[in-house]
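Before I ask anything, let me first share the structure, which is written out below as structure tokens.
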Amino acid sequence: MNKTFPNGFLWGGATAANQFEGAYNEGSKGLSTADVMTAGSHDVPREITDGIVKERYYPSHVAVDHYHHFEEDIELFGELGFKCYRMSINWTRIFPQGDEEQANEEGLRFYDEIFEACKKHGIEPLVTLSHFETPMGLLKYGSWTNRKVVNFYLRYCETVFNRYKGKVKYWISFNEINVMSTKPWMAGGVNSDDEQVRMTAAFHQFLASAKAVQMAHRIDPDNKVGMMYAGHFSYPNSPDPEDVQANDDFMHKMLFYCDVQCRGYYPDYKLKEFERVGIVLPFKEGDKEELLRGKVDFLSYSYYLTHVVGKETSLAMKGLNGVKTGYNNPYLPTTEWGWAINPMGLRHSLNVLYDRYQIPLMIVENGIGAVDHVEEDGTVHDVYRIDYLREHIKEMKKAIDLDGVPVMGYTMWSPIDIISASTGEMKKRYGLIYVDINDQGEGTFKRIRKDSFYWYKKVILSNGEHLE
Ligand code: BG6
């Protein structure tokens, strides 16, 4: 029988420091943009407060306390048979304010230990350099709207590329870079609806990423640096050409981020739009060449859902922070949080991206947020999670087998329950491992293997052949 997945396929799971580590003020860590976000819910958005307000609850402060449980957690990832673990380094552990000359040794030592633990369990780390964790200390510069921040970011990159040389070879420059168009605070400490502001910040992130790619290659030719796209994919609401055009426009709004990072230049449709609406990019001499030289080595993305877009969408999106297109897909079930479950869409997305860029792809987030119940005997029967992951992996297999798409790996979100980024809730759980805490951060922090844990372990052990 033909085997789909090559030896060395990067099976694993993904987390982010601000949602996982806690210990927000330990180890001389500074405040990040995540640390001033309160908890919300499906209906109530998270609030960004002016500094830390005593009476408010901030989920990132304790999260699931990975900082003090990392050995146990990585051992569990080892037991799952992970080949790869995608995680983020929290920038504010390394440069607490973001603009220091010297790195914080305590922070560097923490990640030394993490990578040591990964090595012990034969796990290849894949490190996101910036996952919704911009230092609050950079806000006085205007955060990413200021070109100076590019250099602060590069100082941080240089520090970790050198420190972890030989220990980490896979990097992602920015998590879900296109979130600058939907949730700019998360993407980079930008709190503005003004498109000029957002596009200036995005420009600086593109430049920073392009320079980081080149720096990573210089420091260690084995380094591979990818971009990371928040997987927004959509279908037109109907064959009405106006719906189809609205859908094309929506996809351009999102995909132009991949165009810049994979092709090394802004696409014409975006430049024309900027011209029309009067947006000016702060290009300086040599920047064009930097973008071109700093094309990414691979394209990674998150895939959770698909959208439906139609002629009313631009109206519906106006003023909204997250992506709400105003349409539902009647053919698809949704999660408890209203996200449309679409395994076939995963195959489609792999084809869209490979047709467009012809570079290796990696799924670095995919999973279902659901409320789990712990039975009296301590088990968690999360069959819905197994179903979700199985059906998506099957479609990934088809993209590889039938369409020839080169997929480097698959890191599901998230191997262990962590704080939800969009709502700040704990009860929106993604894990194969349950963590006993509630939405107020109370509990024993005990880790419990769910049914999906044993299932995914077999998937990895069989290199994706055993899915039932
Ligand atoms: C992605 C982010 O958008 O989706 C993660 O990179 C996030 O940080 C994940 O946790 C799932 O979304 P949520 O809001 O359900 O946690």
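The values are calculated or read from the model by the stated rules, or taken from the named source; none is laboratory data. Everything quoted here is computed from the prediction, not taken from an experiment. Because the Cβ atoms are built from the backbone with ideal geometry, glycine has one as well, and the counts that use them run over all protein chains shown.
What do you reckon, is F250 within 23 Å of P330 (Cβ to Cβ), in contact with a strand residue (DSSP E or B) (Cβ under 9 Å, 6 or more places away or on another chain), hydrophobic (A, V, I, L, M, F, W, C) and within 16 Å of the ligand (Cβ to nearest atom)?
For F250, the condition - within 23 Å of P330 (Cβ to Cβ), in contact with a strand residue (DSSP E or B) (Cβ under 9 Å, 6 or more places away or on another chain), hydrophobic (A, V, I, L, M, F, W, C) and within 16 Å of the ligand (Cβ to nearest atom) - is not met.
Let me ask you something else. Quick test of your reading of the structure: G189 fulfils all but one of (1) among the small types (G, A, S); (2) more than 18 Å from the chain's Cα centre (by Cα); (3) surrounded by 21 or more Cβ atoms within 10 Å (Cβ to Cβ). Name the failing condition by number.
(2)
Being among the basic types (K, R) and surrounded by fewer than 16 Cβ atoms within 10 Å (Cβ to Cβ) is the filter here; which residues of segment 1-60 pass it?
Going residue by residue through segment 1-60, those that are among the basic types (K, R) are 3, 29, 46, 54, 56.
Answer for segment 1-60, where residues must be among the basic types (K, R) and surrounded by fewer than 16 Cβ atoms within 10 Å (Cβ to Cβ): K3, K54, R56.
Taking the stated definitions as given, is T379 at pLDDT 95 or above, among the hydroxyl-bearing types (S, T, Y) and more than 22 Å from S302 (Cβ to Cβ)?
yes
Is segment 278-300 home to any residue that is of a type outside the set (F, W, Y) and within 30 Å of Y331 (Cβ to Cβ)?
Within segment 278-300 (the criterion being of a type outside the set (F, W, Y) and within 30 Å of Y331 (Cβ to Cβ)), the answer is yes, since at least one residue qualifies.
Can you name every residue in segment 233-248 that is among the acidic types (D, E) and either at pLDDT below 95 or touching a Lys or Arg at 6+ places or on another chain (Cβ under 9 Å) (or both)?
The answer is D240, E242, D243.
Considering segment 444-463 alone, what residues qualify as being out of contact with any His (no Cβ under 9 Å at 6 or more places or on another chain), more than 9 Å from Y434 (Cβ to Cβ) and of a type in the set (K, R)?
Correct list: K457 only.
Can I ask one more? Among the listed residues G122, G189, G137, which satisfies the condition of being closer than 28 Å to Y303 by Cβ and touching a residue at least 60 places away in the same chain (Cβ under 8 Å)?
When all the criteria are applied, what remains is G189.
Taking interchain pairs and intrachain pairs at least six residues apart, which have beta carbon atoms under 7 angstrom, with the first residue in segment 438-454 and closer than 16 Å to F70 by Cα and the second in a loop (DSSP other than H, G, I, E, B) and among the hydrophobic types (A, V, I, L, M, F, W, C)?
F445/V64; I448/V374; I448/V380
Within segment 134-145, can one find any residue that is crowded, with 21+ Cβ neighbours inside 10 Å, over 24 Å from G424 (Cα atoms) and not polar (S, T, N, Q)?
no
How many residues are part of a loop (DSSP other than H, G, I, E, B), in contact with a helix residue (DSSP H, G or I) (Cβ under 7 Å, 6 or more places away or on another chain) and polar (S, T, N, Q) when one looks only at segment 1-36?
Of the residues in that region, 2 qualify.
Something else now. Taking segment 16-56 as the region of interest, how many residues are out of contact with any Asp or Glu (no Cβ under 9 Å at 6 or more places or on another chain), within 15 Å of the ligand (Cβ to nearest atom) and among the polar types (S, T, N, Q)?
1
Within segment 161-187, which residues are at positive phi and either of a type in the set (A, V, I, L, M, F, W, C) or away from the ligand (no atom under 13 Å from the Cβ) (or both)?
G166, the sole residue that qualifies.
Looking at (1) within 30 Å of G338 (Cβ to Cβ); (2) more than 16 Å from the ligand (Cβ to nearest atom), can you tell me which one E285 breaks?
(1)
State whether one or more residues within segment 369-383 are within 17 Å of the chain's Cα centre (by Cα) and either within 19 Å of H232 (Cβ to Cβ) or touching a residue at least 24 places away in the same chain (Cβ under 8 Å) (or both).
Yes, that holds for at least one residue.
Looking at A201, A230, A208, can you tell me which residue is within 21 Å of D35 (Cα to Cα), of a type in the set (A, V, I, L, M) and in contact with a Ser or Thr (Cβ under 8 Å, 6 or more places away or on another chain)?
Going through A201, A230, A208 in turn, the sole match is A201.
Please tell me if V149 is among the aliphatic types (A, V, I, L, M) and within 18 Å of the chain's Cα centre (by Cα).
So V149 fails the test.
For segment 164-179, which positions are part of a helix (DSSP H, G or I) and without any contact (Cβ under 8 Å) to a residue 60 or more places away in the chain?
V179
Inspect all residues belonging to segment 343-365 and state whether any of them is part of a loop (DSSP other than H, G, I, E, B), within 16 Å of the ligand (Cβ to nearest atom) and within 16 Å of G231 (Cβ to Cβ).
no
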